[in-house]
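The values are calculated or read from the model by the stated rules, or taken from the named source; none is laboratory data. Just so we're clear, the structure is a prediction, and the values are computed from it rather than from any experiment. Cβ atoms come from the backbone with ideal geometry, glycine included; neighbour counts cover every protein chain shown.
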Amino acid sequence: MDFLAQEQEAMLQEFWEFDRKLIHENYRNIVEKIEGQASLIRRVFFDFSAEIILRKVKVLARKKDCQYNNPIAGCPARSHSY
């Protein structure tokens with residue numbers, strides 16, 4: 001099957017365009033997947049960090065309550081020795 005030079009050039013151009021779009025779409029999908037995973041990792045890290053901070057605040061608040069001998073906070077009874 002013989003093609004004219006113009007026809008062959010047009011076909012090659014169509015093949016190049018098809019390959020370019022296919023490769024571009026493939027890498028765009030990869031980047032979107034990575035960005036989605038990064039977003040998930042950020043959310044998990046933020047939630048985990050917030051939980052740690054909340055626990056520390058609760059511990060510090062309880063220590064402060066116990067420092068002032070607050071029985072509502074569940075602090076152990078302290079005997080005062082003078």
* Asked: So is LEU60 modelled with pLDDT under 85, part of a helix (DSSP H, G or I) and under 25 Å from the mean Cα position of the chain (by Cα) or not?
  -> no
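Given the criteria in a helix (DSSP H, G or I) and either modelled with pLDDT under 85 or touching a helix residue (DSSP H, G or I) at 6+ places or on another chain (Cβ under 8 Å) (or both), does PHE15 qualify?
On the way: in a helix (DSSP H, G or I): yes; either modelled with pLDDT under 85 or touching a helix residue (DSSP H, G or I) at 6+ places or on another chain (Cβ under 8 Å) (or both): no.
Against the criterion (in a helix (DSSP H, G or I) and either modelled with pLDDT under 85 or touching a helix residue (DSSP H, G or I) at 6+ places or on another chain (Cβ under 8 Å) (or both)), PHE15 does not qualify.
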